[in-house]
Amino acid sequence: MRAIWKGAVSFGLVSIGVKVYSATEEKDIRFHQVHREDGGRIRYKRTCSVCGEEVTYDDIAKGYDIGGGEMVILTDEDFADLPLSTSHAIDVLEFVPAEQVDPILYNKAYFLEPEGTATKPYVLLRDALSDSERVAIVKVALRQREQLATLRVREGVLLLNTMLWPDEIRRPDFGFLDEDLKVRPPELAMASSLIDSMAGEFKPDAFTDDYRAALQEVIDAKVEGREVVQPEEEEAAPAAAVDLMAALKASVERARAARGEAPSGGGAEPTPISSARSAKKTAAKKAPAKKTTAKKAEPAKKTAAKKTAAKKTPAKKTAAKKKTA
């Protein structure tokens, strides 16, 4: 790793020299833009919109648009003269419980390494921070910008997490927040049961970037000139369920089956959401149908008995007449 910044952690009257390293790296597969016909790289030139000349990095400054076509130009000297008290320091402001820091504020993470003879005070701050079960709120200037950050311990190393300022967090403004939606207790209980059935311990190593792996497989196949083996298609997610309770019950059964637990229905196979709705509707239709058939069967038997009796009566009378004659 290469240090991107050097400075000192200011902890009361103690100053701890540190080097700062990026703690994370993106694993995205990067591509170049190329000409489809011959594979040539596409180049972009930095040209001035006024004179049309190509401009080098040394001649590029920062401009702030004040509207009306006017631009204020700022040079590196202008930024160097800004009164950044934290330009070479990480100033500890206070220590707070970690749970009080909303994760939405976190931005980027950096490792801090002690520099020179600062190892002992570094370890002292690290151990004291661990024992306090708190995080340090600090201010630091990185890349000519003062930022709020936290300082905590991870795997024996001080970790600096830069944060967004509170006014950089957007507030959600959605219509459903003003609606008076009521959740029935049985639905809430079933949702809680689903959460319990899917509960576990978070182990980051158990999750992988399947898309990146598949993309790398395509690239490797292209390089080796072999056919790409298509991965098996995953089961499509079910459409939005009309019957929320049926969907929740089916989800609970499926989660239990995935864990190898016996379904709550007494050994039956886990029911998909669509089957749960169909089974419920079918059962509702069949139940009254049986009663109707039962009721209709009795009159039908009586009617048949009457008809049979009617047929038998004339037959007896005819036989009696013949004997008399």
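List of remarks:
- Members of segment 165-186 that are among the aliphatic types (A, V, I, L, M) and loosely packed, with under 10 Cβ neighbours inside 10 Å: Leu177, Leu181, Val183
- Each residue in segment 146-188 was checked for being within 20 Å of Phe111 (Cβ to Cβ) and either in a strand (DSSP E or B) or among the hydroxyl-bearing types (Ser, Thr, Tyr) (or both), and 15 pass.
- Matching residues in segment 142-163 - criterion: being within 26 Å of the chain's Cα centre (by Cα) and under 17 Å from Ser10 (Cα atoms): Leu148, Ala149, Thr150, Leu151, Arg152, Val153, Leu159, Leu160, Asn161, Thr162
- Matching residues, segment 103-135, being part of a helix (DSSP H, G or I) and β-branched (Val, Ile, Thr): Ile104, Thr117, Thr119, Val123
- Flag if Ala136 is touching a Ser or Thr at 6+ places or on another chain (Cβ under 8 Å), of a type outside the set (D, E, K, R) and either within 22 Å of Gly7 (Cα to Cα) or open to solvent by less than 100 Å² (accessible area, probe 1.4 Å) (or both): yes
- Cross-chain or 6+ apart pairs with Cβ under 8 Å, segment 208-223 first and within 18 Å of Glu26 (Cβ to Cβ), then part of a loop (DSSP other than H, G, I, E, B) and acidic (Asp, Glu): Arg212/Asp28
- Filter result for Gly52 (open to solvent by less than 80 Å² (accessible area, probe 1.4 Å), modelled with pLDDT of 90 or more and either assigned to a loop (DSSP other than H, G, I, E, B) or over 30 Å from Pro121 (Cβ atoms) (or both)): yes
The values are calculated or read from the model by the stated rules, or taken from the named source; none is laboratory data. Treat the numbers as computed from the prediction; the structure is a model and nothing was measured. Neighbour counts run over all protein chains shown; Cβ positions are idealised from the backbone, glycine included. Protein only, heavy atoms only, side chains kept; ligands, DNA and RNA dropped before computing areas. Shrake-Rupley method; radii C 1.70, N 1.55, O 1.52, S 1.80 Å.
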